[in-house]
Amino acid sequence: MWRRHSIAARKASGDAAKSKRYSILSKVIQIAAKKWADPKMNPSLDLALQKARYWWVPRDIIDRAILKWSWQLEWDDLQEILYEWYWPWWVALLIKTLTSNTNRTAQNIKLIMNKYWWTLWQPGSVSRQFTEKWVILTNWKKKIENIKWKDTESIIPINNEEFENEILETSANDFILEQWIAIIYTNKQDFSETKSQIENLNYNIQEADIQNIPNNEVNISDIGKESLMNLINALEDDEDVDQVYYNLKE
């Protein structure tokens with residue numbers, strides 16, 4: 001499935017991984033801007049810009065993407081392509097790519113997948129195993145106290161009981177609480193409102209994005225899991241791969 005546990009690891013990764021993530025987010029901004037260049041009128045673009053901020057993308061990279069969508073710099077003919085694959089034991093894999101060279105990307109993906117004996121399926125045959133959801137992640141809460149007539153801000157871990165009571169008063173559809181993070185699900189029309197409600201409750205939003213969540217998860221052997229993780233790591237190293245989704249039970 002979408003690897004929520006990998007977010008912190010990716011944010012702490014090296015320069016090469018950061019550079020790749022910045023490049024992908026620049027592409028996300030450019031593709032979203034094709035619909036409408038004003039983020040106030042284009043929720044997809046607004047979300048792309050927010051995501052860039054969540055990932056601490058440098059301002060010059062965002063500005064360059066803005067200049068591209070306004071045609072002040074050369075525009076890349078970017079496309080979003082989804083590849084759908086099945087592995088033995090019905091492990092389903094969706095690979096979301098952002099590319100200006102579909103032939104190169106398709107060839108690279110096939111070379112990686114063929115090493116692990118995956119089978120390419122027709123569009124829609126695998127994606128029906130997933131549901132697109134709007135997801136918000138929070139990992140701590142801001143606490144403001146007045147100490148000696150001064151407002152002092154501190155960071156506190158999420159209190160599960162308090163969080164459950166507060167989230168029920170928002171527009172969220174569902175949520176999952178883990179050791180260090182809360183995952184909140186909402187639908188498209190309620191996304192902005194839910195995000196604002198969570199921010200008004202002083203929770204830090206670590207990431208907000210659209211994700212493909214598996215409808216059913218499958219179990220495989222430890223050897224199979226290791227092979228799958230090696231494959232996903234190889235895919236995520238490709239310059240055109242944005243997200244990898246799978247239906248393996250973690």
Quiz item: Based on the Kirkwood radius over alpha-carbon pairs, what value in µm²/s does the Stokes-Einstein equation return for the translational diffusion coefficient of the chain at 10 °C and 1.306 mPa s?
Solution: 80
Quiz item: Where is the GNM fluctuation largest for the chain (alpha-carbon springs, 10 angstrom cutoff): Lys20, Lys142, Lys195?
Solution: Lys142
Practice problem: Report, to the nearest 10°, how far helix 191-200 tilts away from the longest principal axis of the Cα atoms in the chain, using its own Cα long axis and a range of 0 to 90°. | Solution: 40
Exercise. Using just the helices of the chain, give the 222 nm mean residue ellipticity in deg cm²/dmol: DSSP H runs with n ≥ 4 each add -39,500 (n - 2.57), and the total is spread over all residues, rounded to 500.
Key: -11500 deg cm²/dmol
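For the pairs Lys18/Lys150; Lys35/Lys141; Lys18/Lys142; Lys20/Lys195, flag any whose C-alpha to C-alpha distance is greater than 30 Å. It would help to have the intermediate numbers written out before the result.
Working: Lys18/Lys150 38 Å; Lys35/Lys141 35 Å; Lys18/Lys142 27 Å; Lys20/Lys195 27 Å.
Check vs 30 Å cut-off fails for Lys18/Lys150; Lys35/Lys141.
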Exercise. Can you tell me the 0 to 90 degree angle between the C-alpha axis of helix 102-114 and the longest principal axis of the chain, rounded to 10?
Key: 80
Quiz item: If packing is taken as the mean number of other Cβ atoms within 10 Å per residue, what is the order of 159-167, 25-33, highest first?
Solution: 25-33, 159-167
Practice problem: Please give every one of the aspartates and glutamates within straight-line cross-link reach of Lys27, meaning a C-alpha to C-alpha distance under 12 Å, and leave out same-chain neighbours fewer than 8 residues apart. | Solution: Asp76, Asp77, Glu80, Glu239, Asp240, Asp242
Quiz item: Which distance in nm do the two modelled labels at Asn114 and Ile223 give, with both placed 7 Å along the Cα-to-Cβ direction?
Solution: 2.5
Self-check item: Span from the the range 189-230 Cα centroid across to the the range 147-161 one, whole angstrom
Solution: 27
Quiz item: Which ³J(HN,Hα) values in Hz, rounded to whole numbers, follow from the phi angles of the range 217-233 under the Karplus curve 6.51 cos²θ - 1.76 cosθ + 1.60, where θ = phi - 60° and Gly and Pro get x?
Solution: 10, 10, 9, 9, 5, 4, 5, x, 4, 4, 5, 5, 5, 5, 5, 4, 4
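Checking the a/c ratio against 1.5 first, then a/b against b/c, what shape does the Cα gyration tensor give for the range 130-213?
Note, shape of the range 130-213 comes out prolate.
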Exercise. Measure nothing but the geometry: give the 0 to 90° angle between the long axis through the Cα atoms of 59-69 and the longest principal axis through the Cα atoms of the chain, rounded to 10°.
Key: 60
Practice problem: Pairs of Cα atoms under 8 Å, at least six residues apart: use those to get the relative contact order of the chain, whole percent. | Solution: 24
Exercise. Report relative contact order for the range 130-213 in percent, whole number only (criteria: Cα-Cα under 8 Å, sequence separation at least 6).
Key: 48
Exercise. With θ set to phi - 60°, apply the Karplus curve 6.51 cos²θ - 1.76 cosθ + 1.60 along the range 128-142 and write out the HN-Hα couplings as whole Hz, x wherever there is a Gly or Pro.
Key: 5, 7, 10, 10, 6, 10, 8, 10, 10, 10, 10, 10, 6, 10, 8
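FYI, it's all coordinate maths here, none of it is from the lab. It should be emphasised that the depicted structure is a prediction, and the values quoted were computed from it without experimental measurement. Please note: Cβ atoms are built from the backbone with ideal geometry, for glycine as well, and neighbour counts cover all protein chains shown.
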